[in-house]
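What follows is one structure encoded as structure tokens, with my remarks underneath.
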Amino acid sequence: MSLILPAPVRDLIAELRKLPGVGEKTATRYVLHMMRRAPESVSALDSALAGVAARVRACPECGFPADGDSCGLCSDPTRDLTVLCVVEGIADLLAVEKVGDFRGSYHILGGAISAMRAVSPDKLRIRELVGRVTARGVTEVIVATGADAEGETTALYVRKALEGLPVRVTRPATGIPMGSSIEFLDAVTLMRAMRGRKDL
């Protein structure tokens, strides 16, 4: 069916299909919707995408998206910089932040250790984490990686990397079922898990 569409339309569908959870039908529906919108709306979308590509970079401190020298979280003076929550990705950070109960700072690893996906510890931001803990006087590191095998492996590796440093390493406790991802937990479960964290 898509073969009869003009090449630029097919190209846009192909690009949208690269997004997580977007199949051919959804991508086609998105493109057809955009084509029905006024040209100004499409130009606004184009401008917004270009703005993200040109101005947004990973915060050098925590890894969260930033459009300046640091992100809004790292530049927030009300944050407790001595407590650091380590997460696998941006979606996990947003899930913890959505609860509204954690007022410390964050560190995004950029994934989890995975032999199947060829993600080794040196591909994650673990070295940067150790540097932050050493330089910033961090007293507690909460390792909030997923409760699956990769998340557990990553948590144990982080704990080992921080051995010998004067920092308490904890892990969210109750409420996170085995094999689940932080990103998909409901707010109450995540809040209880964060409050009930234990030493790793």
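For this structure, a couple of remarks:
- Yes/no for Arg117 being surrounded by fewer than 19 Cβ atoms within 10 Å (Cβ to Cβ), modelled with pLDDT of 95 or more and not polar (S, T, N, Q): no
- Test set (1) under 23 Å from Leu124 (Cα atoms); (2) surrounded by 14 or more Cβ atoms within 10 Å (Cβ to Cβ) - Val56 fails condition number: (2)
- Exclusive hit being more than 19 Å from Pro121 (Cα to Cα), surrounded by fewer than 19 Cβ atoms within 10 Å (Cβ to Cβ) and at pLDDT 80 or above, set Pro166, Pro172: Pro166
- Matching option when the condition is touching a Lys or Arg at 6+ places or on another chain (Cβ under 6 Å), modelled with pLDDT of 95 or more, buried (at least 20 other Cβ atoms within 10 Å of the Cβ) and closer than 21 Å to Cys59 by Cβ, among Leu129, Leu109, Leu124: Leu109
- None of Asp92, Asp122 is touching a residue at least 60 places away in the same chain (Cβ under 8 Å), assigned to a helix (DSSP H, G or I) and not aromatic (Phe, Trp, Tyr) except Asp92.
- Thr134 satisfies every condition listed in (1) hydroxyl-bearing (Ser, Thr, Tyr); (2) over 26 Å from Arg195 (Cβ atoms); (3) buried (at least 22 other Cβ atoms within 10 Å of the Cβ) except (3).
- Verdict on Gly179 being touching an Asp or Glu at 6+ places or on another chain (Cβ under 9 Å), modelled with pLDDT under 85 and more than 17 Å from Leu129 (Cα to Cα): yes
- Residue in segment 142-161 that is part of a helix (DSSP H, G or I), at pLDDT below 95, under 19 Å from the mean Cα position of the chain (by Cα) and exposed (fewer than 14 other Cβ atoms within 10 Å of the Cβ) present: no
- Cβ-Cβ contacts under 8 Å between residues 6 or more apart (or on different chains), taken from a first residue in segment 171-198 that is assigned by TED's automatic domain parsing to the domain that holds Gly89 and in a loop (DSSP other than H, G, I, E, B) to a second residue that is at pLDDT 75 or above and among the acidic types (Asp, Glu), are listed as Met178/Asp148; Gly179/Asp148; Ser180/Asp148; Ser181/Asp92; Ser181/Asp148.
- Selected residue (only one of Val52, Val42, Val22, Val86 is farther than 30 Å from Arg168 by Cβ, in contact with a helix residue (DSSP H, G or I) (Cβ under 9 Å, 6 or more places away or on another chain), not hydroxyl-bearing (Ser, Thr, Tyr) and not in a loop (DSSP other than H, G, I, E, B)): Val42
The values are calculated or read from the model by the stated rules, or taken from the named source; none is laboratory data. Please read all numbers here as calculations on a predicted model, not as lab measurements. For neighbour counting, all protein chains shown are included, and Cβ atoms are generated from backbone atoms with ideal geometry for every residue, glycine included.
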